[in-house]
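Report on the following structure.
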Amino acid sequence: MRILAFDCAGAQCAGTIVVAGRTVAVRRIAAERGHAQLLVPMLRALLAEAALSFGDIDRFVVTTGPGSFTGIRVALATAHGLALATGAPVVGVTVFEILAAAAIESGVSTPRLLVAVESKRSELYVQLFAADGEPIGAPSMAEADRLAAWAGPGALTLTGDAAARAAPYLDGAEVLDNAQTSLYVDPAMLARIGALRETGAAPVPFYLRPPDAIPSATR
């Protein structure tokens, strides 16, 4: 299977091409904004490095959120357009799932893992996972000073770009040494998760709060 996976949910445009389980090209561009201008040229560069075309791709995998509203919409619109043009399916993966998988791969010594993602507001985007990667409840928003009540008792490992902000409110929580910062989605992990997913309905943006800007036609 030839997979093209890409992420614009955070402060980056990142992508990879995986062929038969082997990574053949990876690109990362640090970017708080401008994803619409950066994404397609980056994808073309990935394909050129792998000596492939869009039509050679068997599956597109994209991050659905939470994160940058604009970046998420750009990535999903691009993925849907490519799927329409090529006939290949699109699979969506949340940021929580990617960060949890990366943390577990690096080693989690507690029974539970808390993925904390920055919202750039007072609340954090959070989801709990068991040490084997199974979700414990749905993703949520929580104020930092209410995290202990939200998470409940028990030892925790923290990961995600908001892990350092969450840690002071969770007594004894362990922050992974390699907890990601602003460039927090590994496109290789995104591709690996997406390769195992069933294809079906086209993925949609995953938001935990409404977008700041609402198109006029929907107001």
note = Restricting attention to the range 90-112, the residues that are out of contact with any Lys or Arg (no Cβ under 6 Å at 6 or more places or on another chain) and either outside the structural domain of Ala162 (by TED's automatic domain parsing) or within 17 Å of Val185 (Cα to Cα) (or both) number exactly 16
inquiry  = Would you confirm whether or not the range 194-205 contains a residue that is over 24 Å from Thr23 (Cα atoms), at pLDDT 90 or above and part of a strand (DSSP E or B)?
reply    = no
Matching residues in the range 1-34 - criterion: being over 16 Å from the mean Cα position of the chain (by Cα), more than 22 Å from Glu198 (Cβ to Cβ) and not in a strand (DSSP E or B) = Arg33, Gly34
ask   = If you scan the range 73-96, which residues turn out to be assigned to a helix (DSSP H, G or I), of a type in the set (A, V, I, L, M) and within 10 Å of the chain's Cα centre (by Cα)?
value = Val95
query = Among Leu99, Leu46, which is in a helix (DSSP H, G or I) and over 15 Å from the mean Cα position of the chain (by Cα)?
reply = Leu46
ask   = From the set of residues in the range 125-135 that are within 18 Å of the chain's Cα centre (by Cα) and of a type outside the set (D, E, K, R), which is modelled with the lowest pLDDT?
value = Gly133
message = Being farther than 23 Å from Ala167 by Cβ, without any contact (Cβ under 8 Å) to a residue 24 or more places away in the chain and touching a strand residue (DSSP E or B) at 6+ places or on another chain (Cβ under 7 Å) narrows it down to one residue among Ala83, Ala142, Ala45, Ala88; which is it?
response = Ala45
inquiry  = Being within 22 Å of the chain's Cα centre (by Cα), surrounded by fewer than 16 Cβ atoms within 10 Å (Cβ to Cβ) and not aliphatic (A, V, I, L, M) is the filter here; which residues of the range 136-164 pass it?
reply    = Gly137, Ser140, Glu143
ask   = Any residue at all in the range 103-111 that is part of a strand (DSSP E or B) and in contact with a Gly (Cβ under 6 Å, 6 or more places away or on another chain)?
value = no
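The values are calculated or read from the model by the stated rules, or taken from the named source; none is laboratory data. None of the values given here were measured: they were computed from a predicted structure. Glycine gets a Cβ as well: all are built from the backbone with ideal geometry, and neighbour counts include every protein chain shown.
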